[in-house]
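Shown next, in structure tokens, is the structure this report addresses.
The values are calculated or read from the model by the stated rules, or taken from the named source; none is laboratory data. These numbers come from a predicted model, not from an experiment. Quick reminder, even Gly has a Cβ in these numbers, built from the backbone with ideal geometry, and neighbours come from all protein chains shown.
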């Protein structure tokens, strides 16, 4: 490469951009990029296409569905199946409401409790640090199992109420440890500066630590929200009233046909017929749509939380 | 200013989150409080017989979640002078919920026991945790229980004592279903022997009957079902019995033997292996659930021959589509069923146990004899003629219209006067069935009902160990089932050889199979000598 005396630093690069001799990329790196992109595109399509099929099928006519194996655009567009699922079976509408409320409550409780527990534990000199960390690590490795957990929750009197879903699962040890390590990574100077200005610990937490941790908070809000939205087994186990169940339970009963024969009845004249495929597809879309809608709005917080110029000098 | 507002909003959210958790936690205490007072008031009410008895029952359901305004439920409560609460559990999770309830001791007043021979129930029954019911069967105050078939009562006893009310089921169930229009096209008649079944599978498997231009029709579709820890081919027993074999356990030289050690078992499995090799059986049958056979295979016209306990009903998707297109007029134009015969032409079918699960009453929840008597009166009503018709068929005028004394016509759910979801789910609570109405509608279902109830006792091969228990079965049954089921699947798929399969059978025998047979033989001989 000819070394030319340049007037300003960027001129060389500008030259490279113009002249083919200064092409930055080699053949090897281009092939790598092409193959990489193709593979990832293929992988993305494999994940995306079945879901597009489900959405298309949910808007289609049931009899048309029998003819075609796979398609991406509704055949015989109709909203009848959605009308049926949402309005005639009263359970789906009500369970959607339960799902939304429980997700919001569960996420709020989890975020509040986890962040408030992680902040003190980020300082190793806090009173009771060692025993509490030991207890947290034990829960990371060992679990009670279904029946002992049921007995424990029963002993607290939480059976048959939403507390059994919200409270025991509020803090997960692995999320807590991520919170702790994130809070530890914040520069100590921030806290010291605030302390000098007369802020107490709780004030530092609310006014300084949380605003600079929006990337962490946004990620975990989404994680907890998805986890709460998808929960179904604990509801069946702990809550006896079927009107209090979320939409995931309805979806599960609709999608999985039981493998045991206990479901049969004497009246074999009207055997249990699993719901038509279209009804299943509609319920899938109804159960996943809210999370899909919320996700893009939370994405911007992932990048906003980067600390720009918070520590000078 | 903006940051202050943000901080305030955030702190309010945090506090709201924590407080709501407390509030929800506190409210549950009051719920358990009312539960305690409820049982106290019920013992008071025991003296006043006019008050309806209250109890809690856990029932499994399939399909949509049953709504609480079911007219059947209302009428049942009124007629039996009771006010019970049903806790519905999806069928798929019932096994887990049942295990949790039994092991944690948090039992409702009435619950359904799926398997009366399993360890979980046997231990509890032997420890006197359930009310004993034999005296009620002969008590004149409870005439409804006299409708029970002797066989059902006999088969569900534990050590000679009755701890459950069996839910009666039909004895003759396992049959072969096929597409009768395809059979006509191929010039075949009903596949009622193993040879005819094989021939039909060959014809269907090698032809193109769904009209898609490809010879991809499956000759014989098999499905699997969970059976005590292992996955077995559903309705396999009818093939073994038609070959001359026994139904799970039978007598040979005065001793009880399991079907696994008989030659008919081996020959039936070898036949399936041959059929699989000839590409006549669905390729991934080990992972196909029998409940999916109709929706995934039959309705998509992938197969025209399958083993089943029921025929597709009038709501079948393929039938509705063809009816709409004007190709068929009634179900019997498309589907047909047949029961198998043995090689000499005599009908030979395996008999079911006569019941599917039982209704048990835990002593820990129903502590009072008077209250228990009242609850038994409710089930007595369910077992009477009117009660049977109510629980199994519904309310006259709403769910069906009467055709004559024994036949009814069902009213479709969307045309019923009182809209409720899945009101028929309450039939999980039914006991006897001898007075239930027969549903008129499709000639196919009527023929099936008639065929099910017409048989000579010699045609049914019963599993003689149903009334007995074996320690080995209770403890090791799951492990043994898994062992032989895996070997069976591998052998049919052609993954292991003849000698490997024999070795697997031998291993089954030595690791507990023979012990199980000996225990059953002892129990059988003891019962004979009594």
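In the set (1) at pLDDT below 70; (2) closer than 25 Å to residue B:384 by Cα, the condition left unmet by residue B:59 is number (1).
Taking segment B:203-232 as the range and being within 31 Å of the chain's Cα centre (by Cα) and more than 14 Å from chain A (Cβ to nearest Cβ) as the test, the residues that pass are B:204, B:205, B:217, B:218, B:219, B:220, B:221, B:222. Criterion applied to B:151, B:188 was being in the same structural domain as residue B:359 (by TED's automatic domain parsing) and either closer than 27 Å to residue B:285 by Cβ or out of contact with any helix residue (DSSP H, G or I) (no Cβ under 7 Å at 6 or more places or on another chain) (or both), and the one residue passing it is B:151. Determine whether segment B:465-476 contains at least one residue that is surrounded by 15 or more Cβ atoms within 10 Å (Cβ to Cβ) and in contact with a strand residue (DSSP E or B) (Cβ under 8 Å, 6 or more places away or on another chain). The answer is yes, given that some residue of segment B:465-476 is surrounded by 15 or more Cβ atoms within 10 Å (Cβ to Cβ) and in contact with a strand residue (DSSP E or B) (Cβ under 8 Å, 6 or more places away or on another chain). Flag: residue A:108 matches the condition of being at the interface with chain B (Cβ under 8 Å from one of its Cβ atoms), at pLDDT 90 or above and either farther than 18 Å from residue A:226 by Cα or surrounded by 17 or more Cβ atoms within 10 Å (Cβ to Cβ) (or both). Screening residue B:361 against (1) more than 12 Å from chain A (Cβ to nearest Cβ); (2) over 30 Å from residue B:163 (Cβ atoms); (3) touching a strand residue (DSSP E or B) at 6+ places or on another chain (Cβ under 8 Å) leaves a single unmet condition, (2). Where in segment B:108-155 are the helices (runs of 4 or more DSSP H), entirely inside, with at least 2 residues that are surrounded by 17 or more Cβ atoms within 10 Å (Cβ to Cβ)? Hits in segment B:108-155: B:119-126, B:150-155. Quick check on segment B:33-44. Is at least one of its residues within 13 Å of chain A (Cβ to nearest Cβ), under 30 Å from residue A:104 (Cβ atoms) and at pLDDT 50 or above? No, segment B:33-44 contains no residue that is within 13 Å of chain A (Cβ to nearest Cβ), under 30 Å from residue A:104 (Cβ atoms) and at pLDDT 50 or above.
All of B:479, B:526, B:506 fail the test of being under 25 Å from residue B:223 (Cβ atoms) and either in the same structural domain as residue B:238 (by TED's automatic domain parsing) or surrounded by fewer than 16 Cβ atoms within 10 Å (Cβ to Cβ) (or both), apart from B:479.
Of the set (1) surrounded by fewer than 19 Cβ atoms within 10 Å (Cβ to Cβ); (2) touching a residue at least 24 places away in the same chain (Cβ under 8 Å); (3) closer than 22 Å to residue B:128 by Cα, all apply to residue B:373 but (2).
For the criterion of being surrounded by fewer than 18 Cβ atoms within 10 Å (Cβ to Cβ) and over 25 Å from the mean Cα position of the chain (by Cα), residue A:193 passes. Counting only residues that are in a helix (DSSP H, G or I) and in contact (Cβ under 8 Å) with a residue 24 or more places away in the chain, segment A:121-142 holds 5 of them. If you go through segment B:295-315 and keep only what is within 11 Å of another protein chain (Cβ to nearest Cβ), assigned to a loop (DSSP other than H, G, I, E, B) and more than 20 Å from the chain's Cα centre (by Cα), you end up with B:299, B:300, B:301, B:314, B:315.
Of the residues B:326, B:245, the single one that is in a loop (DSSP other than H, G, I, E, B) and free of Cβ contacts under 8 Å to residues at least 12 places away in the same chain is B:326.
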